[in-house]
C-alpha cells in the first residue's frame, strides 16, 4: 500500500512538473525585468501566447531572414512593452501578430482559444510604424490607375494595365498609386504576399490631411520591388 501511495505521489509530482514546463514562456523568467515579461511569467495563458509568438518568429526568420523578422517584430514588441502588466492588452497585441506568422508560413498554428482581432486599419498601422519598419500583407487589388467603373461604381477585375499608370491595394488597407507603369508591380497577382516598408512621412501637412506617405513594396513571390505614395496628391494638394 505504501509502495502504491509513494508511486502515486511520484507520478503526481512528475505531472505537475511537466505542466509547469508546458506553461513556461519562451524566455528565462529569472531574468524577467519588464512589467510585461513578469506578467507573462505569472500567467499560463500569456505564456502559451508567448510560446506561439516565439514559434512564429522562428518561421519569419526561416522565411525572410533575421533582419526582416526583427523589423516586423519590433512594432509588436513596442506595443507589448507599453501594455506593462495589463494581461488583456498583452493578449490583444499577441493575437494581432499571429496573422503575420501565418502569412510567412501557413503551417503556423496560433493557440486554439485565442480569438483573432479585427485587422487594424491603415491609419492605425502607419501611425505605429517608424521609418524603415515594415508590415506583411497580401495583394487584394491591382490594375491601371484609371478605369471605367461598372454599373455598381466599381472597377471590374482583370482590367489590362494601361498608360494611365498603376494602382495596388493590400488586405490591411495599404494603397499605392503611380502615374507611370511599374513593370515589377505588373508581374504581381492578387493573393501575393508583400512586404510593405515605410520610406518617408509627409511634413508640414494641414490638420487632418496627411496624404503622401511613401511605401516600399516587395513581392515575396517574384522578388520584385517598387516605391509608391498612398495618394495621387501630397498633403495640401488637390
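Any read-out appearing in this document is the output of simple, stated calculations on the displayed coordinates, not a laboratory observation. These figures come from a predicted structure and were not determined experimentally. For neighbour counting, all protein chains shown are included, and Cβ atoms are generated from backbone atoms with ideal geometry for every residue, glycine included.
No solvent, one uniform scatterer per C-alpha: report log10 I(q)/I(0) for segment 132-215 via the Debye equation at q = 0.19 1/Å, two decimals. The Debye formula, applied to the Cα set alone, gives -0.95. For segment 104-139, backbone nitrogen atoms closer than 17 Å to the point 7 Å from residue 190 Cα along Cα-to-C-beta are found at 138-139. Shape analysis of the chain places it in the prolate category; the axes a ≥ b ≥ c from the Cα gyration tensor give an a/c of at least 1.5, with a/b above b/c. When only Cα pairs below 8 angstrom with a gap of at least 6 residues are kept, the chain shows a relative contact order of 13 percent.
Dividing the summed -39500 (n - 2.57) terms of all DSSP H runs of n ≥ 4 by the residue count of the chain sets its mean residue ellipticity at 222 nm at -13000 deg cm²/dmol. Take 67-73, 123-129, 110-116 and order them by the average number of nearby Cβ atoms within 10 Å per residue, most first; the result is 67-73, 123-129, 110-116. The angle between the Cα long axis of helix 66-83 and the main principal axis of the chain comes to about 70°, on a 0 to 90 degree scale. Note that segment 34-108, at 37 °C in a medium of 0.692 mPa s, gets a Stokes-Einstein diffusion coefficient of 265 µm²/s from its Kirkwood radius over C-alpha pairs. Angle between the Cα long axis of helix 44-64 and the longest principal axis of the chain, 0 to 90 degrees, nearest 10? It works out to around 50 degrees.
In this simple spin-label approximation, residue 233 and residue 205 carry label points 7 Å from Cα along the Cα→Cβ vector, and these lie 1.4 nm apart. Stretched out straight at 0.36 nm per residue, the stretch from residue 23 to residue 154 would grow longer than its current Cα-Cα span by 42.1 nm.
The modelled label-to-label distance between residue 113 and residue 81, using points 7 Å beyond Cα along the C-beta direction, is 3.1 nm. Using a simple spin-label model with pseudo-atoms 7 Å out from Cα toward Cβ, residue 30 and residue 105 lie 2.9 nm apart.
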